């Protein structure tokens, strides 16, 4: 039987670029930097623009853990990669090896910081704050070693996930056609043009 590996499941088509996940995360963890970021991929035209929320991928083989000489980073039995900053000396080695820029050195504490999948909330039977705050229902968590929907993949055609660390985040994006809200602006001749 494979070990449990909790992961974020991101439905790209449901992300509305509101940043509520990022703001809620910063508020919950009282950080001035962002543990969770909303990324945008766009081709030459606005129509091909997609957004999705990313944070630590809680990799199966985390590079950050192997370089930490203070043993501040450990992988829990449920797959969460936990950073315990009290012994961190702020050397930044973990920051430099993370292929996803998911770790930062907090400018105030001078210690490394990253998403812990709201471990304390999970222990209380609650969902991570990013999941609870996502008004588009684009973020979920689950165990990738159990059955999960086939439409969730390890990468998007437009976004190449670096696989050396076996990131656990799964992404869903089926359609190149997204529902868009268009604003109409009146031109000089009172003609309506799409922005």
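Annotations for the structure displayed:
- Tallying residues that are over 14 Å from residue 30 (Cβ atoms) and over 17 Å from the mean Cα position of the chain (by Cα) within the range 98-111 yields 2.
- Qualifying positions in the range 80-90 - touching a helix residue (DSSP H, G or I) at 6+ places or on another chain (Cβ under 9 Å) and outside any strand (DSSP E or B): 80, 88
- Hits in the range 97-116 (condition: in contact (Cβ under 8 Å) with a residue 24 or more places away in the chain and not in a loop (DSSP other than H, G, I, E, B)): 97, 104, 112, 113
- Every test in (1) under 21 Å from residue 92 (Cα atoms); (2) at pLDDT 95 or above; (3) within 17 Å of the chain's Cα centre (by Cα) is passed by residue 31 save one, and that test is (2).
- Restricting 148, 173, 159 to those that are in contact with a strand residue (DSSP E or B) (Cβ under 9 Å, 6 or more places away or on another chain), crowded, with 19+ Cβ neighbours inside 10 Å and at pLDDT below 90 reduces the list to 173.
- Matching residues, the range 51-65, being over 25 Å from residue 21 (Cα atoms) and either assigned to a loop (DSSP other than H, G, I, E, B) or in contact with a strand residue (DSSP E or B) (Cβ under 9 Å, 6 or more places away or on another chain) (or both): 61, 65
- The set of residues from the range 26-41 being farther than 24 Å from residue 166 by Cα and surrounded by 15 or more Cβ atoms within 10 Å (Cβ to Cβ) comprises 26, 28, 29, 31.
- Close Cβ contacts (under 9 Å, 6 or more residues apart or on different chains) running from residues in the range 1-23 that are without any contact (Cβ under 8 Å) to a residue 40 or more places away in the chain and at positive phi to residues that are crowded, with 21+ Cβ neighbours inside 10 Å and in a strand (DSSP E or B) comprise 19/53.
- Count of residues meeting criterion [touching a residue at least 40 places away in the same chain (Cβ under 8 Å), out of contact with any helix residue (DSSP H, G or I) (no Cβ under 7 Å at 6 or more places or on another chain) and in a loop (DSSP other than H, G, I, E, B)] in the range 117-145: 3
The values are calculated or read from the model by the stated rules, or taken from the named source; none is laboratory data. What you see is a predicted model, and the numbers here were worked out from it, not measured in a lab. Don't worry about glycine lacking a Cβ; one is built from the backbone with ideal geometry, like all the others, and counts go over all protein chains shown.
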